Amino acid sequence: MKLKKNDLVELEITGYTAEGNGVGRAGGELAVFVPGAAQGDRLCVRIVKLAKNFAFGKIEKILASSPDRIEQDCPVFRQCGGCAFRHIAYEAELRAKERRVRDALERIGGLENAELRPIMRADQTAGYRNKAQLPLGRSASGELLMGFYALHSHRIVACSGCLLQPPVFSQAMQAVKQWFSQSGESVYDEQTGRGTLRHLYLRQAPGTGEVLACVVANGSRLKKEQLLVDCLRGGVPGLSGVLLNINRKETNVVLGPECRVLWGKGVLLDCLCGLQFEISPLSFYQVNHDQAERLYETAAEYAGLSGGETLLDLYCGTGTIGLSMAKAAGRVIGVELVREAVENARLNARRNEIENAEFYCEDAGAAAVRLRERGLKPDVVVLDPPRKGCGESLPETVARMAPGKIVYVSCDPATLARDIKRFSGLGYRFVEAAPVDMFPRTAHVETIVLLQRETL
Ligand code: SAH
């Protein structure tokens with residue numbers, strides 16, 4: 001079947017891509033990706049983009065609706081790049097995510113009939129995100145424009161509140177708008193590199209109720225800073241700090257290297273897994289508190305510590321995983337690249353009276369080499385890398401330290417599966433995977449995997 005742009009085709013949607021688009025095969029062959037489609041839909045689709053092995057389509061008409069479809073409930077769904085699954089029932093979303101993990105393990109990881117636990121569902125599918133980075137712009141009428149980027153774009157979709165966020169974030173957004181209207185402050189322009197306001201960055205600690213509001217600016221001062229503080233303090237319950245983050249670079253990276261406290265505290269305090277964690281605005285922290293606790297419980301179960309073991313926690317952030325297991329371990333060693341996160345981790349150990357944990361600010365791969373050369377023989381290694389997965393030489397270095405178990409926490413099933421394959425060539429057997437729905441209504445899925453050293 002030879003397709004052209006703008007052709008209309010009839011499609012059965014049989015699954016989803018990693019981004020959450022529906023997939024069908026035109027004429028039984030060419031894969032067509034359709035945003036907003038649901039598995040089980042029969043659709044009339046207009047081809048909007050054609051590549052060699054696939055095409056993108058737009059729904060022209062729903063000929064027969066999937067039983068999974070529900071009424072979507074967000075005014076900017078599909079304009080904003082955040083949610084992928086507001087149009088299907090949560091059960092269907094969970095099935096799609098489970099299948100995505102299985103497909104990655106089998107197709108990329110080369111595993112057959114991989115042992116997979118049922119995905120851990122979230123009790124809360126709304127209001128669960130404890131972090132927001134809202135780009136700021138200026139509307140035609142001169143008001144402060146605040147919202148989210150459209151998918152694959154830097155166009156701001158205005159939004160006064162997001163269903164994934166706690167209501168207190170909308171109050172903070174309102175307070176910043178109120179300040180802006182009286183401040184005379186300028187908005188950063190990506191084209192020219194001029195203007196001041198770039199993002200509003202919000203964080204909430206569900207365990208304590210604390211909220212940090214951080215304005216990201218192309219400069220070290222804001223106009224009417226005291227007014228900003230007053231507006232936020234008056235409008236945001238639980239507010240514990242107001243910060244200015246300085247980002248002067250022409251970059252897509254939201255945060256600059258430096259923060260200045262305008263009022264209150266410069267860090268957020270949360271409770272997680274019965275421990276207290278202090279988190280700097282520059283440190284990574286899991287965005288879904290309740291599901292993070294479940295994730296860490298599964299990590300602890302997979303690690304199976306009995307008291308005397310040495311645990312190496314690579315990509316440790318503020319130390320949360322290692323510290324949550326420290327009481328069951330002999331020694332915990334954490335490695336993390338971001339200096340503020342390492343400082344948080346060290347303080348977090350002290351705050352929780354944990355004396356058997358040490359943290360290093362280093363690249364995980366370089367640290368693993370150094371620790372191995374010094375003769376470290378961890379019993380368990382926890383890996384929780386960013387989306388791109390483990391550094392190139394890391395699996396080999398870890399395998400040479402010969403831990404009995406590797407617990408791999410991943411937010412990308414594809415790089416996870418690739419790394420599992422690398423480990424399987426290094427004597428590590430895949431035991432089991434447990435998908436966790438950390439990000440309901442979005443296309444993202446977290447997975448935790450146990451690998452075991454093969455005894456020769
Ligand atoms: N385990 C932590 C953090 C996971 S996110 C938690 O559950 O909260 C991944 C972390 O890896 C981030 O903190 C990031 O700063 C860090 N990181 C990214 N690249 C790294 C590298 N090459 N070496 C060490 N840490 C790195």
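Every number here is computed from the coordinates shown, using simple stated rules; none is lab data. Not measured: the values here are computed from a predicted model. Neighbour counts are summed over all protein chains in view; Cβ atoms, including those assigned to glycine, are modelled from backbone coordinates with ideal geometry.
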Exercise for review: Please list, or write none, the aspartates and glutamates whose alpha carbon is within less than 17 Å of the alpha carbon of Lys4, excluding same-chain residues fewer than 8 places away.
Suggested key: Glu29, Glu60
**Study point:** Estimated 222 nm signal from helices in the chain, with DSSP H stretches of n ≥ 4 weighted -39500 (n - 2.57), rounded to 500
**Key:** -7000 deg cm²/dmol
Practice item. Count charges around Arg46 for me, please; just the other residues with Cβ under 14 Å from its Cβ, Lys/Arg as +1, Asp/Glu as -1. Key: +2
Review point. Looking at the square roots a ≥ b ≥ c of the eigenvalues of the Cα gyration tensor of the range 1-69, which shape do they give, rounded for a/c under 1.5, prolate if a/b is larger than b/c, or oblate?
Key: prolate
Check your understanding: Can you pull the three principal axis extents for the Cα set of the range 177-313, in Å, largest first?
Key -> 60, 33, 20
Exercise for review: Give, as a single signed number, the net charge of other residues whose beta carbon lies under 15 Å from the beta carbon of Arg422, with Lys and Arg counted +1 and Asp and Glu -1.
Suggested key: +1
**Study point:** Extended-chain gain in nm, criterion 0.36 nm per residue less alpha-carbon gap, Lys61 and Ser220
**Key:** 52.1 nm
Review point. Which whole-number percent gives the relative contact order of the range 138-191, counting Cα pairs below 8 Å spaced six or more residues apart?
Key: 26 percent
Practice item. Net charge near Ala433: determine it from the other residues with C-beta under 9 Å of the C-beta of Ala433, scoring Lys and Arg +1 and Asp and Glu -1. Key: 0
Point to revise | Cα-projected label distance for Arg339 with Ala150, points at 7 Å along beta-carbon direction, nm | key: 4.0 nm
**Study point:** Using distinct alpha-carbon pairs, which all enter the 1/r mean, Kirkwood radius of the chain in Å
**Key:** 23.7 Å
Point to revise | In sequence order, calculated HN-Hα J values of the range 431-436 (Karplus, 6.51, -1.76, 1.60; Hz; x Gly/Pro) | key: 9, 6, 10, 10, x, 10
Study note, to complete from the structure: So, with points 7 Å from each Cα along the Cβ direction, the Asn53-Glu373 label distance in nm works out to 4.1 nm
Review point. Between rounded, prolate and oblate, where does the range 306-369 land on the alpha carbon gyration tensor, with a ≥ b ≥ c its root eigenvalues, rounded for a/c under 1.5, else prolate if a/b exceeds b/c?
Key: oblate
